[in-house]
1. Return the total of residues in the range 138-163 being part of a loop (DSSP other than H, G, I, E, B), near ligand 1 (Cβ under 7 Å from one of its atoms) and open to solvent by less than 40 Å² (accessible area, probe 1.4 Å).
2. Scan the range 319-340 and tell me whether some residue there is under 27 Å from Tyr97 (Cβ atoms), surrounded by fewer than 18 Cβ atoms within 10 Å (Cβ to Cβ) and either at pLDDT below 95 or not assigned by TED's automatic domain parsing to the domain that holds Gly265 (or both).
3. Failed condition for Trp263, given (1) in contact with a strand residue (DSSP E or B) (Cβ under 9 Å, 6 or more places away or on another chain); (2) within 12 Å of ligand 2 (Cβ to nearest atom), with all others met?
4. Please return the ranges of helices (runs of 4 or more DSSP H) entirely within the range 1-72 where 3 or more residues are in contact with a His (Cβ under 8 Å, 6 or more places away or on another chain).
5. Starting from the range 268-297, take each residue that is more than 24 Å from Ala228 (Cα to Cα) and of a type outside the set (S, T, N, Q) and list its partners that are part of a helix (DSSP H, G or I) and away from ligand 3 (no atom under 16 Å from the Cβ), counting only C-beta distances under 6 angstrom and pairs at least six apart or across chains.
6. Counting only residues that are under 14 Å from Lys44 (Cβ atoms) and surrounded by 21 or more Cβ atoms within 10 Å (Cβ to Cβ), which one in the range 230-240 is farthest from ligand 2 (Cβ to nearest atom)?
7. Select from the range 309-328 the residues that are among the polar types (S, T, N, Q), under 19 Å from the mean Cα position of the chain (by Cα) and on the phi < 0 side of the Ramachandran plot and list them in ascending order.
Amino acid sequence: MDRVELRTKIEAKAHELGFALVGVARASPSSHGDALRRWIAQGKHGEMDWLADCVEERVDVRTMLRNARSVIAVADRYHDGRPDCIEPGARGRIARYARGKDYHDLIRDRLRKLGRFIRACVPDAQTRLTGDIHPILEREQAARALLGAIGKHTLLIRPAMGSWFMLGEIITDADIAASDEAPRTNASSAIDETASMIRARDESSSTRAPLDLCGSCTRCIDACPTKAITPWSVDARRCTAYLTIEHRGAIDSEYFGITGDWWFGCDICQEVCPHAQPTRASKRAGINAVHAPRLDSVDLLEVLGWSESDRARLVVSSALKRASLEMMKRNALLALASIARSDSTLALNVRARCATIALDESESEIVRAAATATIDALR
Ligand code: B12
Ligand code: SF4
Ligand code: SF4
């Protein structure tokens, strides 16, 4: 089987497995290794030491598989851009990627099947699956495979479909034609639109600068409540997604009252992006049914009274399990500090609850500190 035919077969199999986008990149070092090293040196990874521990692996996928030649990048679409319609009250929102079943499991199972398919096509091939936790710059690999381009908010954007994608990759020593290699035999392939934009850029310029879908737009930078974004870089320490999902200690009081109603993660930079708005075409493209949302928000005052068994019920086969019970309570107070600012009756109620929590020795230091910060934010 020739290299282009192999790519076509793999693309067809990935679509059959339900992936919205698939493409192939050459296995070669990152073009942004220095940007990553700078990001780590500036401490922008916060407490995510696992990012700092394997920088050199991240900048070259061949460290994950010797003799790697190709990276197959896939993307699942989990949301179509429609605005939220959350029931009224003191509700804390869950980021859209975490509203359904845990995406790690959903993507990994199908990547395994795709890996088996590749090994059936190329019997001696070795394959390594990745997906979120592995040391690989997934967005760069996806952009190289022409799945889309990286926006100033650092997420992969697919023109006309937005950034509502989860990514996964297979690294292999099989020699597969990369997506930017002509000829493409599959004219209806989902990546052709991006491929032609990239070809147009190459024809109009001698440099191979990354495809820029942002132009002079700065909407995500302006809308980010914590000022975490500078063009093509996010200071994780300031990002609500980091503060509510990755950060395990007390949240600095400066964030109370400004992060909005987000309880787990944050979607603001995607919600405001012109590329991520729902269009007729993007609604028609739909989402993969396996990502059907189960829970979009929680009652924040209820969370404050939760026990371990309440949490356990909620996190079954869900990405929400990354947050411990004390993080969930801390996050509930963070969201209440914003919501109650515009509701004086709620503010009265929240202040009273916080005064009790702040003095309650059965609550952890982290939750008590959050209660004090909430009272201060509501003064
Ligand atoms: C750590 C991490 C986080 C951290 C840090 C985020 C960040 N921007 O780095 C935190 C906890 C904050 C986070 C938040 C979120 N995350 Co996250 N996260 C990751 C993880 C595990 C590693 C990312 C990483 O390596 N960061 C280090 C930085 C330096 O890497 P980078 O931004 O890719 O760096 C490149 C660019 O800066 C680029 N670059 C540098 N200069 C320039 C200049 C130009 C012009 C261009 C084009 C590029 C460029 O080069 C660098 C190297 O390639 C990835 C999975 C993975 N293994 O990749 C998921 C991942 C990025 N996250 C994802 C998601 C969905 C989210 C959230 C939307 C979740 C949510 N709703 O709450 C938010 C979005 C926040 C945001 N705007 O980034 C998805 C993104 C999917 C997509 N469409 O892009 C990923 C890919 C997970 C997955 N498997 O799908 N995340
Ligand atoms: S996820 Fe929210 S806090 Fe993080 S960069 Fe985007 S808008 Fe800012
Ligand atoms: S909001 Fe504007 S600047 Fe931000 S990623 Fe989207 S297009 Fe780019």
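1. As a first pass, look at the range 138-163 and keep what is part of a loop (DSSP other than H, G, I, E, B): 145-148, 151-155, 159-161, 163.
Now restrict to residues that are near ligand 1 (Cβ under 7 Å from one of its atoms): 153-155, 163.
Pick out the ones that are also open to solvent by less than 40 Å² (accessible area, probe 1.4 Å) and you get 153-154, 163.
Adding up the residues that qualify gives 3.
2. No, there is no match, as no residue in the range 319-340 is under 27 Å from Tyr97 (Cβ atoms), surrounded by fewer than 18 Cβ atoms within 10 Å (Cβ to Cβ) and either at pLDDT below 95 or not assigned by TED's automatic domain parsing to the domain that holds Gly265 (or both).
3. Against the list (1) in contact with a strand residue (DSSP E or B) (Cβ under 9 Å, 6 or more places away or on another chain); (2) within 12 Å of ligand 2 (Cβ to nearest atom), Trp263 comes up short only on (2).
4. Values: elements: 3-16, 33-41, 49-52, 55-59.
In the range 1-72, there are no helices (runs of 4 or more DSSP H) which contain 3 or more residues that are in contact with a His (Cβ under 8 Å, 6 or more places away or on another chain).
5. Matching pairs, first to second residue: Val290/Leu106.
6. That would be Val234.
7. Result: Ser318, single match.
The values are calculated or read from the model by the stated rules, or taken from the named source; none is laboratory data. A quick note: this is a predicted structure, and the numbers were derived from the prediction, not measured. Methodologically, a virtual Cβ is constructed for each residue, glycine included, from the backbone with ideal geometry; neighbour enumeration extends over all protein chains shown. What goes into the accessible areas is simple: the full protein's heavy atoms, side chains included, and nothing from ligands, DNA or RNA. Shrake-Rupley method; radii C 1.70, N 1.55, O 1.52, S 1.80 Å.
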